[in-house]
Amino acid sequence: MSPIMAFFKNRTVQQLFIFAFFQNILWWVAGSTASTGTPLATDVKFYLGGYGMLLAAGYFLILNRQFQSHIGPILVVAAATLGLLAAPHDHLIQLFALLLCVFLVLACIPQLGLQSAYGLIVFSFLAGGGVPVILFFLRNHYLAMQFLLPLLPLVASYLLFFERNYLPADRDWRWTLVTPAVLVITLFISGFSWRHVIAAIFALAFWWLQPKINVRYRLVTTSVAQLILGLLIFD
């Protein structure tokens, strides 16, 4: 078997591609909500697509290796470069694209204390809002409340589904109910419909099932569940 074939047959590599692909579908679906502006240029789409894929692949490896990956931060730095190229004349967008990249690199330094509840909150806001906000702003050159409000459940889904990556230690069971409550509240703040009810039931069911999934497959199944949740939220 050639080294290339062996690389693509590696289970972790396969999961990395699935995870990154599904995360980017989720972000682009979210970023297209309420968007009425000008279409993105082909080169901007290319840079943003590469930025999103490298970013998601980077934090897949970082989380999969419990913040001890050496390749993950390298991918994140490469993502930052593409993020800068996506908006060469818009320094605000460039700064926004760099925020999650910088956070992920810093999170790998245990002394900074970002592998914690605080780190989870920062990660959730940056991962849930980063690419969608960039996409919307590049198309419309402003941010609207009708776009930002539906992003709240998406941010909350990162809190819920990635909580165990940042807070792996056992805690008082009452604290474990905080993130499910936040997700349900944000769902019904952003709107109330049968889709939101189904989204809430689905998210809570997966949250309950998540610890029972083999650790090897937990991240990739989380990406699938999060995409399904996103499709229910962003109708």
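The values are calculated or read from the model by the stated rules, or taken from the named source; none is laboratory data. Owing to the predicted nature of the structure, the values given are computational and were not obtained by experimental measurement. Using ideal geometry, Cβ is built from the backbone for each residue, glycine included, and neighbour counts are taken over all protein chains shown. Protein only, heavy atoms only, side chains kept; ligands, DNA and RNA dropped before computing areas. Shrake-Rupley method; radii C 1.70, N 1.55, O 1.52, S 1.80 Å.
Numerical summary
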item: Per residue accessible area in Å² of the stretch 66-181, where ligands, DNA and RNA are left out and the probe is 1.4 Å; result: 49 Å²
item: Cβ-based net charge around residue 15, under 11 Å, with every Lys or Arg adding one and every Asp or Glu removing one; result: +3
item: Candidates per chymotrypsin sites (Phe, Trp or Tyr not before Pro) in the stretch 167-200, loop by DSSP, up to 13 other Cβ within 10 Å; result: 173, 192
item: Axial C-alpha extent at least 20 Å, average Kyte-Doolittle at least -1.0 - helices from the chain (DSSP); result: 11-31, 42-64, 71-86, 91-107, 117-140, 194-209, 215-233
item: Computed magnitude of the charge dipole of the chain (debye, nearest 20; Cβ of K, R +1, Cβ of D, E -1); result: 540 debye
item: Sulfur and carbon atoms: percent of accessible area, the chain [1.4 Å]; result: 72 percent
item: Helix-only CD estimate at 222 nm, as mean residue ellipticity for the chain, using -39500 (n - 2.57) per DSSP H run (n ≥ 4); result: -24000 deg cm²/dmol
item: Cβ-based charge dipole, the chain, positive-most Cα from 91, 141, 74; result: 74
item: Only Lys, Arg (+1) and Asp, Glu (-1) charged, at Cβ; the stretch 133-235 dipole about Cα centre in debye; result: 200 debye
